[in-house]
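Below you'll find the structure, written out as structure tokens, and then a few comments.
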Amino acid sequence: METKIIRPQEIEEAVNAIKKGKLVSFPTETVYGLGADATNEEAVKNVYLAKGRPSDNPLIVHVASCEQVTPFVSNISEKAQQLMDTFWPGPLTLIFNLKNAETLPSVVTGGLETAAFRMPNNELTLQLIKESKTVLVGPSANTSGLPSPTTADHVYQDLAGKIYGVLDGGASFVGIESTVLDMSQENGVPVILRPGAITKEQLEEVIGEVGMDQHILTEKEAPKAPGMKYKHYSPKTPVIMIDYKTDDWQEAIDSYKKSNKKVGIMTNPEKKKLLKNYDAYYELSKKYDVVEAMRYLFAGLRKLDDSKLDLDIILVETYPETGAGIAYMNRLKKAANQKIFKK
Ligand code: TXA
Ligand code: MG
């Protein structure tokens, strides 16, 4: 299969492909999704195959309006409605109880009695969903385990030959996946299962207390959100974090150079100016800024993982774990397999 890059003005081609049960990657503000008709079981099965994703990890259902959620779920609470009014379209996924287990193919939900819904903030993709007259599954359009794609080109690198096409909507401006909030315990406190650009504080401003479950599971533990148990986002080249508190960039570079390793660094120009003897540099942010670093984290990991650079190690800047820093550090820690440089 030859995978097509579909330009915005050719969107009808993407619509027709989705209607026929084919796979089309779509742009969103967070990362690119791998789209398929969520009500077409065969199509959804092919999504798992294309990604090489374990099929007990449920998918997010992408909608273009709140009305598209209603037929599937048992109830939309007042809090959930307030969140949708405030943050949709945007990087927030909400987990609801299903009306009955058969409303969506079980390949979408991983057999759970709940399902995840999100309205992405991207005009092209909203149009794609509307014109397809259905709702779309959309896991990140990467090969399972690799960093999520934030450009059409990243999707192409991972999935060329495996999917019908990629709708090219330019680079994603958030850069990491949506915040996932579990609203299924209707009398309990909603819990963040995956941190994202919309922070706990922003959610609490709208609905009051919100919990956070970002325990990174070891292989033997049973996951609360199935997606929590898989290693994610890692490039092939090992990643090491540089603690912003100790700031030992040069010590880290020197120690790897001593054992003849090729070192890439992901940081800002001010820091870079102070460093020497590294082999490659990626500008993660112009100034030390976590929102910008979040936008370029996955793109940078992919760039420095390029086999032409032949790096042995990638060093990446860290941020305090508050506000948006929680989501940034959640992804970076997974990419680095928790490894932080120690003198
Ligand atoms: O920003 C995003 O959310 C992107 C873009 C493309 O929209 N999509 C994305 O999808 O990240 P995916 O499939 O890579 O991640 C879905 C996450 C997984 O961690 C999964 O375990 C969780 O949502 N999830 C889905 N349904 C769930 C459910 N019923 N209960 C708990 N977690 C669920
Ligand atoms: Mg993913």
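The values are calculated or read from the model by the stated rules, or taken from the named source; none is laboratory data. Note that the structure is predicted; figures quoted are calculated from it, not measured. As a convention, Cβ positions derive from the backbone with ideal geometry for all residues, glycine included, and neighbour counts pool all protein chains shown. In case anyone asks, the SASA skips ligands and DNA or RNA and just uses the protein heavy atoms, side chains included. Shrake-Rupley method; radii C 1.70, N 1.55, O 1.52, S 1.80 Å.
Each residue in the stretch 90-103 was checked for being assigned to a loop (DSSP other than H, G, I, E, B), small (Gly, Ala, Ser) and modelled with pLDDT under 95, and 0 pass. Which of the residues that make up the stretch 104-128 are open to solvent by less than 40 Å² (accessible area, probe 1.4 Å) and not in a loop (DSSP other than H, G, I, E, B)? The answer is Val107, Val108, Thr109, Thr114, Ala115, Ala116, Phe117, Arg118, Leu124, Thr125, Leu126, Leu128. Across the stretch 153-185, which residue is surrounded by the fewest Cβ atoms within 10 Å (Cβ to Cβ) among those that are more than 28 Å from Glu292 (Cβ to Cβ) and more than 15 Å from ligand 1 (Cβ to nearest atom)? Across the stretch 153-185, the extreme among qualifying residues is Gly161. Looking at the stretch 226-343, the helices (runs of 4 or more DSSP H) lying wholly inside it that each contain 2 or more residues that are of a type outside the set (A, V, I, L, M, F, W, C) and closer than 27 Å to Asp158 by Cα sit at 290-304, 324-335.
Listed here are the residues, each with its yes/no results for (1) of a type outside the set (Val, Ile, Thr); (2) modelled with pLDDT of 95 or more; (3) in the same structural domain as Ser106 (by TED's automatic domain parsing).
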{"site": "Ile11", "(1), (2), (3)": "no, yes, yes"}
{"site": "Ala17", "(1), (2), (3)": "yes, yes, yes"}
{"site": "Thr30", "(1), (2), (3)": "no, yes, yes"}
{"site": "Gly35", "(1), (2), (3)": "yes, yes, yes"}
{"site": "Tyr48", "(1), (2), (3)": "yes, no, yes"}
{"site": "Asp56", "(1), (2), (3)": "yes, no, yes"}
{"site": "Ile60", "(1), (2), (3)": "no, yes, yes"}
{"site": "Thr70", "(1), (2), (3)": "no, yes, yes"}
{"site": "Val73", "(1), (2), (3)": "no, yes, yes"}
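Residue check: is Lys286 over 19 Å from Ala335 (Cα atoms), over 19 Å from the mean Cα position of the chain (by Cα), open to solvent by less than 70 Å² (accessible area, probe 1.4 Å) and not acidic (Asp, Glu)? No.
Within the stretch 129-142, the residues that satisfy the criterion of being within 12 Å of ligand 1 (Cβ to nearest atom) and assigned to a loop (DSSP other than H, G, I, E, B) are Gly138, Pro139, Ala141, Asn142. Does Lys20 satisfy the condition of being in contact (Cβ under 8 Å) with a residue 60 or more places away in the chain and of a type in the set (Lys, Arg)? Spelling it out, it is not the case that Lys20 is in contact (Cβ under 8 Å) with a residue 60 or more places away in the chain and of a type in the set (Lys, Arg). Considering Ile340, Ile314, Ile265, Ile326, the condition of being under 17 Å from Asp248 (Cα atoms), open to solvent by 10 Å² or more (accessible area, probe 1.4 Å) and in contact with a helix residue (DSSP H, G or I) (Cβ under 9 Å, 6 or more places away or on another chain) is satisfied by Ile340 alone. Gly161 meets the stated requirement of being at pLDDT 95 or above and more than 14 Å from ligand 2 (Cβ to nearest atom).
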